[in-house]
1. So if each residue of separation counts as 0.36 nm, and I subtract the Cα-Cα distance between ILE50 and ARG445, what length gain in nm does that give?
2. Calculate the FRET efficiency for ASN158 and TYR123 from the Cβ-Cβ distance with a Förster distance of 51 Å, rounded to the nearest 0.05.
3. Out of segment 104-163, which chymotrypsin sites (Phe, Trp or Tyr not before Pro) are coil in DSSP terms and have no more than 14 other C-beta atoms within 10 Å?
4. Compute the length gained on full extension between ASP279 and GLN229: take 0.36 nm times their separation in residues and subtract their Cα-Cα distance, giving the result in nm to one decimal.
5. When only Cα pairs under 8 Å and 6 or more residues apart are kept, what is the percent relative contact order across the chain?
6. Counting only residues 5 or more places away or on other chains, whose amide H sits under 5 Å from the amide H of ARG220 once H atoms are built in the peptide plane?
7. Just to confirm, what accessible area per residue do you get for the chain at 1.4 Å probe, in whole Å²?
8. Sequence-distant or interchain residues sharing an amide H contact under 5 Å with ILE148, placed H: which?
Amino acid sequence: MRSIYFQQRYAMLGVALIATIICAFGAVLTGSGWFISLFVICAAFFALGIRDVRQPRHAVLRNYPIIGHIRYLMESIRPEIRQYLLESDRDEEPFSRETRSLVYQRAKGVEDKKPFGTSERVYESGYAWVTHSVVPKHITDSDFRVEIGGKQCQQPYNASIYNISAMSFGALSGNAIKALNAGAKIGGFAHDSGEGSISTHHRQGGDLIFQVASAYFGCRDDEGRFDPQKFAEQAADPHVKMIEIKLSQGAKPGHGGMLPASKISAEIAETRGIPMGVDCVSPAAHSEFSTPLELMDFVARLRDLSGGKPVGLKLCIGHRREFMCMVKAMLETGINPDFIVVDGKEGGTGSAPLEFANRVGMPMLEGLHFVHNTLRGAGLREEIRIGAAGKIVTAFDIARALALGADWCNSARGFMFALGCIQAQACHTNKCPVGIATQDGLRQRALDPDNKSVRVARFHANTLKALAEIAGAAGLDRPNDFLPYHLMFRQTDSAFRDGNEVYAYLPEGFLLAKEEHPDLREWHGRWGRAAADSFAPKEIPHGPYRIAAQ
């Protein structure tokens, strides 16, 4: 048995050696260029085999020199083989081919109709649909807008209901950022800068949302703390329409980040306000506040420094009680954010630890539903706008989010597809094949900002046209009139429920009411444990609310 194993193990190495010897003799005897070329190739394979046997890192290569590389080759192209040859149109990894194709078609302005009926499994649990009316309406103007800016805001923003979600320069190439911002200018919608601050590539004339995250990129001092003067300079740009304080993001909520020194170019360093040659660390938490009351003071401070522009929060819901702490701080201080963007755990364009991407944070639908009802319960919903982000690509995705309480939606990966993203999932390798998620100058040359900006604008416009058609089919005058009862959700293979039953709107002011409703005991219990002066839970004696209020 040992002899047989030995023969199998070194079979390819022996073949390479014999071929090398034969080609060497052939080259010496005939002087043929073909033999010389074959000798070089065979010698290279033999040398590779010797290296494989001697190296200690890979057991497969050590036991099966040369031929073992086939295993690693197949593994390296497995995603492409699966995506292009094996996946069905509806396999979601994480976006289905059907969804990606829809974006490509709308971005290019070509036919996006579906022949021969749906491929959705309409009788399986999880399927959802919009109820239509026998008296549909024809909506001609699909430039849907929502005004963002409460009573404390001096410069409200009339935003599109579909905008580009946060993606930083550094995560995306300069050409990609240019195309997105130029597309936002053409289409009249907003472009979130992401936490990496506003670069020169962002300044193509499109409306900007300046995101302020825990590292305060673009508005930090030499120690990495918030610098009011630098922030005021950034916020004074007339293209900056809103300020967004990022508390957490869908892909990795509660997790910081680190950009290695090797990936920090001079341009990235200048944009973020960080030194060259040093790893750039984004802490998980902000240093400017540690309590809900301090957070509201920070909101007011940024609003004042920006000249009264709308200031809001972005977060993925984790401990629900902690969001209620923020709401209690709003009530106690009288300071409200102008908007709250609810990011779902299914969101995210950047790399994240697998456990965070898969298992940490609340999905967008549940998070949106919770935020909407908490603000209703505190009597603040009419004063604060809500944005939704997290895998929102199609017109139905937007309609569903609006029905569950959103005022507008953001999308990151949808607009990446409009740029030409092929879902290679190589964003973290700096080897994006289409020049979007890379800082490699040669790779990003493939992306022409002038051409792609038009596609970005066209995708936005065609998606809102499709949304207008869905809203009209439901008998509505505008998409913001969608309510939960316009949706149906299949719970099991044989039963479905009205959206009002699954995602009901709770009564206005119910959290402030003196009498507690028996069906809302869990809400009241969690509200009772929330405090404005701390994110830590208040101690409640043993009773019916103790467990429910975690």
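1. Working it through step by step, the gained length comes to 138.3 nm.
2. 0.75
3. Passing both the DSSP loop test and the Cβ count: PHE116, TYR123.
4. Numbers: separation 50, 0.36 × 50 = 18.00 nm, distance 2.49 nm.
Separation in residues times 0.36 nm, less the Cα-Cα distance, equals 15.5 nm.
5. 18
6. Result for ARG220 returns ASP227.
7. Details: 26420 Å² over 550 residues.
Here the per-residue accessible area is 48 Å².
8. TYR157, ASN158, ALA159
The values are calculated or read from the model by the stated rules, or taken from the named source; none is laboratory data. Every value quoted in this text rests on a predicted model; they were computed, and no experiment measured them. All Cβ positions, glycine included, derive from the backbone under ideal geometry; neighbour counts span all protein chains shown. All accessible areas refer to the heavy atoms of the entire protein, side chains included, with ligands and DNA or RNA removed. Shrake-Rupley method; radii C 1.70, N 1.55, O 1.52, S 1.80 Å.
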